[in-house]
Amino acid sequence: MKLVFAGTPEVAVPALDALIASDRHEVAAVVTRPDAPAGRGRRLVASPVAQRAEEAGIEVLKPAKPRDEEFLARLREIAPDCCPVVAYGALLPKVALDVPSHGWVNLHFSLLPAWRGAAPVQHAVMAGDEITGVSTFLIEEGLDSGPVYGTVTEAVRATDTSGDLLTRLAFAGSGLLAATMDGIEDGTIEAVPQPADGITLAPKITVDDARIDWRAPALRVDRVVRGCTPAPGAWTEFRGERLKVRTAVLAPDRTDLAPGEISAGKKNLYVGTGSGAVELLWVQAQGKKPMAAADWARGTRIAEGETLG
């Protein structure tokens, strides 16, 4: 099939690579978000998908909005058979959805209908899911509600951050998306409607969502830290300033600390929760680089009885 691939961040690049490598399909063009400011100089930088496409000599389309008439006209000129999508980042209007004969097929990082929305991996980690996965589905105008072509499951490990898990899912999903394109092309797969039961929503994680509540159980604190890593980053307050918690582990042997109470040793930094404690391994003070939590505590000269939050 002739394909137009839509995607933007680094997590979409493995799927693009899989389709470029396929000897059954042609990636005629790539659709991605416009260049965005990045780095200290805030200069405009092309998306990871755009950079990969340019390396491969593939035409890159960067509409401000996918309903722009110039973009739609070019899409109709290319006349793709199908448009595979991975984390494109913009809602597709019906006028665009109607262009390819086999529609737009999205690779979503959950086992639909679980975790429909922008942040499925973060929500899966924060909810304590033991199994998640990826799904390919035909895009409709609803939110991730279209019929599903296929799924691949993936275990959520006890130490997974959302970044760790998303990396694994990106590579598992690249194979699923390529296989889905093959099945659509030769007519061997059919999209199946999603069940009405089991729908959960995964809206974008906000900064407020990433704030640690030390009154919550230690297991909940651990999940928030892992689910919000690398972005937006779990955080708390210390002496009126924001402190990001980069890495933490459960410390079930420490049962002597009140919620938020700090216990700083030469090599360890423990904080009490609503049940047990956690050990902070890496933190980042406001305006500073990440550092070992024990080093931060030593430099900060924490007084007995001080708390976080």
Note down, for the stretch 154-293, the three equivalent ellipsoid semi-axes (square root of 5 times each alpha carbon gyration tensor eigenvalue), biggest first, whole angstrom.
38, 16, 14
Reachable aspartates and glutamates, given that their alpha-carbon falls under 15 Å from the alpha-carbon of Lys244 and they are not under 8 places away in the same chain:
Asp208, Asp209, Asp213, Asp222, Glu279, Asp295
Just the Cα atoms of the stretch 79-208, one point each, no solvent: what log10 I(q)/I(0) does Debye give at q = 0.13 Å⁻¹?
-0.52
Can you tell me the dipole magnitude for the stretch 235-309 around its Cα centre, using point charges on the Cβ only (Lys, Arg +1; Asp, Glu -1), in Debye to the nearest 20?
440
Per GNM of the chain with C-alpha springs under 10 angstrom, the most fluctuating residue out of Ala64, Ala234, Ala218 is Ala64
Search the structure for amide H atoms under 5 Å from the amide H of Glu59, placed 1.01 Å from N in the peptide plane, and list their residues when 5 or more places away or on another chain.
Val30
Most mobile of Val192, Val11, Val278 per a Gaussian network model of the chain (Cα springs, under 10 Å)?
Val192
Once Lys and Arg get +1 and Asp and Glu get -1 on their Cβ, which of Ala293, Phe109, Met126 lies farthest toward the positive end of the dipole of the chain?
Ala293
Once both labels are modelled 7 Å past Cα along the beta-carbon direction, what's the Arg40-Leu143 spacing in nm?
3.9
So which aspartates and glutamates pass the test for Lys289, namely a Cα distance under 19 Å, with those fewer than 8 places away in the same chain ruled out?
Glu237, Glu241
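May I ask you to work out the translational diffusion coefficient for the stretch 253-298 at 4 °C, viscosity 1.567 mPa s, via Stokes-Einstein with Rh from the Kirkwood sum over Cα pairs, reported in whole µm²/s?
Numbers: Rh = 10.9 Å.
Here the translational diffusion coefficient equals 119 µm²/s.
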If one compares the long axis through the Cα atoms of helix 218-227 with the longest principal axis of the Cα atoms of the chain, the angle in degrees, nearest 10, works out at 40
So, relative contact order of the stretch 67-213 in percent, Cα under 8 Å, 6 or more apart, is 25
Tell me which lysines have Cα within less than 30 Å of Lys94's Cα, excluding those fewer than 8 residues away on the same chain?
Lys2, Lys62, Lys65, Lys204
Spacing of the two label points (7 Å from each Cα toward its C-beta) at Leu250 and Ala158, in nm
0.7
If you bin the C-alpha pair distances of the chain every 20 Å from 0, what whole percents do you get?
31, 48, 21, 1
By its C-alpha gyration tensor, with a ≥ b ≥ c as the square roots of the eigenvalues, how is the stretch 72-155 shaped: rounded for a/c under 1.5, else prolate for a/b larger than b/c, else oblate?
prolate
Fully extended contour minus Cα-Cα distance, from Arg24 to Lys289, at 0.36 nm per residue:
90.7 nm
Pick from Pro84, Pro147, Pro252 the residue whose mean-square fluctuation is largest in a GNM of the chain, springs joining Cα atoms under 10 Å.
Pro252
Roughly what angle does helix 162-186 make with the longest principal axis of the chain, taking Cα atoms, 0 to 90 degrees, to the nearest 10?
10
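Rounded to the nearest 500, what is the chain's calculated 222 nm mean residue ellipticity when only DSSP H runs of at least 4 contribute -39500 (n - 2.57) each, over all residues?
-8000 deg cm²/dmol
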Evaluate the charge dipole of the chain about its Cα centre and quote only its size in Debye, nearest 20, assuming +1 on the Cβ of each Lys and Arg and -1 on the Cβ of each Asp and Glu.
1500
Calculated from backbone phi, Karplus (6.51, -1.76, 1.60) coupling profile of the stretch 205-214 in Hz, x at Gly/Pro
6, 8, 4, 5, 4, 8, 6, 7, 9, 6
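Since every read-out is calculated from the coordinates, none of them should be taken as a lab result. Since the structure is predicted, the reported quantities are computational estimates derived from the model, not experimental observations. Note: ideal-geometry Cβ built from the backbone for every residue, glycine included; neighbour counts use all protein chains shown.
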